[in-house]
1. Tell me whether segment 106-117 contains one or more residues that are assigned to a strand (DSSP E or B), surrounded by 14 or more Cβ atoms within 10 Å (Cβ to Cβ), at pLDDT 95 or above and assigned by TED's automatic domain parsing to the domain that holds Val73.
2. Checking Ala136 against (1) at pLDDT 95 or above; (2) not in a strand (DSSP E or B), which single condition isn't satisfied?
3. Every residue in segment 55-82 that is outside any strand (DSSP E or B) and out of contact with any helix residue (DSSP H, G or I) (no Cβ under 9 Å at 6 or more places or on another chain), please.
4. List the number of the failed condition for Ala41; all other conditions in (1) part of a helix (DSSP H, G or I); (2) of a type in the set (A, V, I, L, M); (3) at pLDDT 70 or above hold.
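The values are calculated or read from the model by the stated rules, or taken from the named source; none is laboratory data. Predicted model only: the values in this text are computed from it and were never measured. Glycine gets a Cβ as well: all are built from the backbone with ideal geometry, and neighbour counts include every protein chain shown.
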Amino acid sequence: MNLAPGGWRYAVPPALAAVPALIFSTGLAAGMLALAVGVVAFFRDPDRTPPLTGIVSPADGKVSVLREEGDRVRIGVFMNVWDVHVNRSPVDGTVGSVEHSPGAHRPAFSKESDRNEKVHVRYEDAEVTLIAGAFARRIHPYVEEGDDLTRGDRIGHIAFGSRADVLLPPEIDREDLAVEEGDAVTAGESVVATGPEEELLT
């Protein structure tokens, strides 16, 4: 099983602690093992196969934000504790910049999460924003300026949370959207917007 970077660092300590815990309680040892298994599940990083066309979701979860910002449309995906937390590129393109913005750590499903700590991954005319939450306080980008990406490539993960947004290219409007608020999506596979193929490449 593939794990996101750092996954074993969280999983190994409770697994090792289960051995001496047997001296005191089988229940405690079982709890330590269950915690280790849970961490492995949380950091799982399955392979994904993007569709041939379309802008794909940057995250697993449910669409929690869908709004217009000037002449652009933003789609936000909330990741709960059961979702895969590895984020993926929604478009083909070259990374123009990766910027960290400090901020609060509000629950990712609340409106106040727009003020949370973020990492912005910018392309020529699209942008992915990884947003920390109340418990997710570590954003780990995998990419840097100048990297050439293909739709579905891994771009980072958020340890223990929380939301990933994609600000769509200006030529994509609401009529091109393939999702609504509340829809379940899969990172790198679920199409969130459609249009002429040449318009979907950044």
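1. As a first pass, look at segment 106-117 and keep what is assigned to a strand (DSSP E or B): 116.
Going one step further and asking which of them are surrounded by 14 or more Cβ atoms within 10 Å (Cβ to Cβ), we end up with 116.
Now narrow it down to the ones that are at pLDDT 95 or above: none.
Looking through segment 106-117, none of the residues is assigned to a strand (DSSP E or B), surrounded by 14 or more Cβ atoms within 10 Å (Cβ to Cβ), at pLDDT 95 or above and assigned by TED's automatic domain parsing to the domain that holds Val73.
2. Of the numbered conditions (1) at pLDDT 95 or above; (2) not in a strand (DSSP E or B), the odd one out for Ala136 is (1).
3. Residues satisfying the conditions are Ser57, Pro58, Ala59, Asp60, Gly70, Asp71, Met79, Asn80.
4. (3)
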